[in-house]
Amino acid sequence: MFDPRAVRRDFPILDSRVNGQPLVYFDNAATTQKPEAVIRAVADYYRHGNANVHRAAHALSSLATAAFEQARESVAAFLGAASAREIVWTRGATEAINLVAQSWGRANLASGDLILVSTLEHHANIVPWQMLAQQSGARIEPIPLLDDGTLDEDAYRSLLRRSPKLVAIGHASNALGTINPVVRMTREAQDAGALVLVDGAQSAPHRAIDVQALGCDFFVFSGHKLFGPTGIGALWAREALLETMPPWQGGGEMIEHVSFDGTRYGGLPFRFEAGTPNIAGAIGLAAAIRYLGQFDRAELEAHELRLLGYALELCREIPGFRAVGAPPERVSLMSFQVDGLHQQDLGLLLDQYGIAVRAGHHCAMPLMQRLGLPGTLRASFAFYNSLEEVEFFARTLARIVAEQRREATVTAPAAADP
Ligand code: PMP
């Protein structure tokens, strides 16, 4: 059985105290903590390797370029891409989706064309399509959700009969944890003539990714949710598809030749990477991928799901506790509410005990509207979390809930005498 004690030493921040209490970090779906290997790789780059890439003739620039392009190779291998030419650096999942919308979308969608987006999506996989719809006259239809937090696949098949041009779906939901059946949904969408974008922001941190096995057309993810730095992520698409796409931002790095008579754009993937890239971020992300490479990912996932199962088991004993969504296949994340108590208050009270959770709509307002909820509390786990932390969390939540109930009883106005 996986024991997180040894790996916790790799993450210096996990020794912190917050509000005088040892940090219990259960906000991993927002961003993950960084192992020393990543912190060191970024610092070493700035200490010993900093130069701009792809430009100068000097040795330091060649070194930085080699490290930067090696990082691209690491991401290609991590995703199962056919070559590093299929990896476009972006600031993260959000920018990668905007790239597809503004490049592929503007070139290929016209008035009346249909885009399907699931009800579970993060705003990052909704708003770029709305912007594209405004620009092109395309329409967006949501793929409906069933009450258990899974997508309604019958309704999806009906929508596919309307010949959408694009289906945009999350691999795993950041709000409910649902793992969508993306292989099946992709095959069905492609049979109906659509391209498929899979948002892997929440799946890549928890399971091995193989874009060939997924079969999708575009895959995006963020480095900071994968134990890497912020401000770096990637878009994957097959070379043949990327070749058909126009650039979306102009500037240095993305050109082959510029004159006032016109500009010839560079080849793949540089055509999509205008300006000086996040070199340190790419190197840090490669270090995170190398760090993860020492583990059996299935073993990490089993540990994370054990944490989730234990959290649900303990919290179900708390009066008024309600888990939101019960998807049969999920990543290690628990969305919940406690009857009569506001999620923001509970989040702040948990913070007093050093416990970091997220409270709110999780950038998934259409999902919250569908569920009829203003928001939820979310505890999201990573492999460095322990069963002891889950126990402390559940015990603390039970105590807070009991105290809040007691206070509510004491402060409630006495019933007027008849
Ligand atoms: N998609 C999902 C499912 C996410 O959870 C997030 C981040 N919460 C994003 C996209 C956007 O990622 P980023 O902000 O790193 O671009």
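The values are calculated or read from the model by the stated rules, or taken from the named source; none is laboratory data. Every value quoted in this text rests on a predicted model; they were computed, and no experiment measured them. Every residue, glycine among them, receives a Cβ derived from its backbone with ideal geometry; neighbour counts consider all protein chains shown. For the accessible areas, the whole protein counts, side chains as well, though only heavy atoms, and no ligand, DNA or RNA atoms are used. Shrake-Rupley method; radii C 1.70, N 1.55, O 1.52, S 1.80 Å.
Show the residues, 5+ positions off or on another chain, whose built amide H is closer than 5 Å to the amide H of LEU23.
Distant-sequence amide H within range of LEU23: SER16, ARG17, VAL18.
Determine the per residue accessible area of the chain with all protein chains present and a 1.4 angstrom probe, expressed in square angstrom.
On the way: 17910 Å² over 418 residues.
It amounts to 43 Å² per residue over the chain.
Using θ = phi - 60° and the Karplus form 6.51 cos²θ - 1.76 cosθ + 1.60, what ³J(HN,Hα) does each residue of segment 297-302 get, whole Hz, x for Gly and Pro?
After applying 6.51 cos²θ - 1.76 cosθ + 1.60, I find 4, 5, 5, 4, 5, 4 Hz.
For a quick protection proxy, order the peptides 98-106, 392-400 by their average other-Cβ count within 10 Å, most packed first. Could you put the intermediate results ahead of the total?
Numbers: 98-106: 23.2, 392-400: 18.7.
Ranked from most to least packed, the peptides come out as 98-106, 392-400.
What ranking do 24-31, 138-145 get when scored by the average of other Cβ atoms within 10 Å per residue, highest first? Mind showing how you got there, number by number?
Numbers: 24-31: 22.5, 138-145: 18.4.
With the highest mean Cβ count within 10 Å placed first, the list reads 24-31, 138-145.
How high is the FRET efficiency between GLU69 and ASP261 when r is their beta carbon distance and R₀ equals 35 Å, given to the nearest 0.05? Spell out each step's value before the answer.
Values: r = 31 Å, r/R0 = 0.89.
Using R0 = 35 Å, I get an efficiency of 0.65.
Can you list residues from other chains, or at least 5 along the same chain, whose modelled amide H is less than 5 Å from the amide H of ARG330?
ILE179
Can you work out the PRE-style zone for ALA323? Point 7 Å along Cα to Cβ, and I want the residues of segment 175-190 with backbone N under 14 Å.
176-179
Express the relative contact order of the chain as a whole percentage, based on alpha carbon pairs under 8 Å and six or more residues apart in sequence. Spell out each step's value before the answer.
Values: 794 pairs, mean separation 93.6, N = 418.
Normalised by residue count, the contact order of the chain is 22 percent.
In whole Hz, with x marking every Gly and Pro, tabulate ³J(HN,Hα) for segment 394-403 from phi via Karplus 6.51 cos²θ - 1.76 cosθ + 1.60, θ = phi - 60°.
3J(HN,Hα) across segment 394-403, in whole Hz: 5, 5, 5, 4, 4, 5, 4, 4, 4, 5.
Suppose each label sits 7 Å from its Cα in the direction of the beta carbon; what would the ASP148-SER62 distance come out to in nanometres?
6.0 nm
Of all the accessible heavy-atom surface of the chain, with the other protein chains kept in place and a 1.4 Å probe, what percent is carbon and sulfur?
Numbers: 9490 of 17910 Å².
Of all accessible area on the chain, carbon and sulfur atoms account for 53 percent.
Tell me, what HN-Hα J-couplings in whole Hz come from the Karplus equation 6.51 cos²θ - 1.76 cosθ + 1.60 at θ = phi - 60° for each residue of segment 70-78, using x for Gly and Pro?
Residue by residue, segment 70-78 yields 5, 4, 5, 4, 4, 5, 4, 5, 4 Hz.
Under a 5 Å amide H to amide H cut-off, with H placed in plane at 1.01 Å, what residues pair with LEU145 once short-range neighbours are removed?
Here the answer is ASP152, since their amide H atoms fall under 5 Å of that of LEU145.
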